[in-house]
1. Normalising by the residue count of region 5-117, find the relative contact order in percent from Cα pairs under 8 Å and 6+ residues apart.
2. Please give the per residue volume of the convex hull enclosing the alpha carbon atoms of region 5-117, rounded to a whole number of Å³.
């Protein structure tokens with residue numbers, strides 16, 4: 001899988017902290033997915049399949065050059081490495097979306113995982129997933145009872 005056990009454990013711990021759930025139940029007999037872990041896997045498995053299809057769509061060279069946003073790479077790089085299989089990752093770059101897109105345009109990278117910019121020039125783009133964002137508010141905040149918030153709601157803030 002091209003990832004050491006300690007590195008994988010660290011990535012799992014980071015993911016569990018980020019999601020604020022336990023994905024695995026650790027016992028003396030090994031590890032099993034928790035219920036939340038099973039739910040998470042059910043949601044992320046189609047993403048893994050989509051990444052696999054994207055990689056298969058390209059005629060992948062023996063050496064592959066990929067770039068990603070730092071926030072994405074820490075979670076998805078192990079999966080991408082696994083999907084690349086026997087290919088060698090020649091280059092891995094973390095940068096901004098704009099810089100990564102420029103590197104794909106210039107041929108410095110084969111693929112970049114970036115935020116949606118709606119402007120890709122002659123590059124083909126595929127949507128991998130949609131990130132839900134939330135606003136955290138204290139219990140006594142005037143906007144806490146609203147079901148949906150819009151940017152105009154924050155003008156008085």
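Rule-based calculations on the coordinates, nothing more; no lab input. Computed from a predicted structure; not experimentally measured.
1. Relative contact order comes out at 23 percent.
2. Expressed per residue, the convex hull around the Cα atoms of region 5-117 is 126 Å³.
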